[in-house]
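Reading through the structure tokens given below for one structure.
The values are calculated or read from the model by the stated rules, or taken from the named source; none is laboratory data. Predicted model, so just to flag it, every value in this text is computed and none were measured. All Cβ positions, glycine included, derive from the backbone under ideal geometry; neighbour counts span all protein chains shown.
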Amino acid sequence: MNAFKIFGLPEQFEVGDIDKKYYELFKTNEQASLNAAYKILKDPISRAKLLCELNGYTKANNEIAKQALQGKLEQNLSNIEEHIFAAAQAQYWSATWHWLQVLGYVKRMRKGSS
């Protein structure tokens, strides 16, 4: 599903006032797909992941994430998210995809160590 098409938005990280657009579309669209698209566009991580997928980065490469971390699990998740947002805003999809993989790896490792 392309959430950007459902909302009539360009495929870019910045989506503007997504809440306002949602309420405008709510009256005229099928709610299930609109709600699913809204959930994706509202969350910056989900939005970045969708943009990566739309730009051809669909296969997870956990090896890259492992190499990038190598004992650096103390990294703050917000720093990783900042990298994701910056790369997505610059439309640098390979970097965005890389940082999404790092984020997923760190979350899995933290979950496993708790």
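Of everything in the stretch 1-36 that's under 21 Å from L51 (Cα atoms) and basic (K, R), which residue is modelled with the lowest pLDDT?
K21
Let's see how each residue does on (1) of a type in the set (D, E); (2) in contact (Cβ under 8 Å) with a residue 24 or more places away in the chain; (3) surrounded by fewer than 17 Cβ atoms within 10 Å (Cβ to Cβ); (4) not assigned by TED's automatic domain parsing to the domain that holds Q91:
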| residue | (1), (2), (3), (4) |
| --- | --- |
| M1 | no, yes, yes, yes |
| F4 | no, yes, no, yes |
| E14 | yes, yes, yes, yes |
| E30 | yes, no, yes, yes |
| A37 | no, yes, no, yes |
| A48 | no, yes, no, yes |
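Any residue at all in the stretch 24-37 that is of a type in the set (D, E) and under 18 Å from F85 (Cβ atoms)? Break it down stepwise before answering.
Our first condition is that a residue be of a type in the set (D, E); within the stretch 24-37, this holds for 24, 30.
With under 18 Å from F85 (Cβ atoms) added as a condition, the list becomes none.
Checking the stretch 24-37: not a single residue is of a type in the set (D, E) and under 18 Å from F85 (Cβ atoms).
Pick out the one residue from L103, L73, L77, L69 that is at pLDDT below 85 and within 12 Å of the chain's Cα centre (by Cα). So that I can check it myself, show each step before the final result.
Numbers: L73 fails: within 12 Å of the chain's Cα centre (by Cα); L77 fails: within 12 Å of the chain's Cα centre (by Cα); L69 fails: within 12 Å of the chain's Cα centre (by Cα).
Testing whether each residue is at pLDDT below 85 and within 12 Å of the chain's Cα centre (by Cα) leaves just L103.
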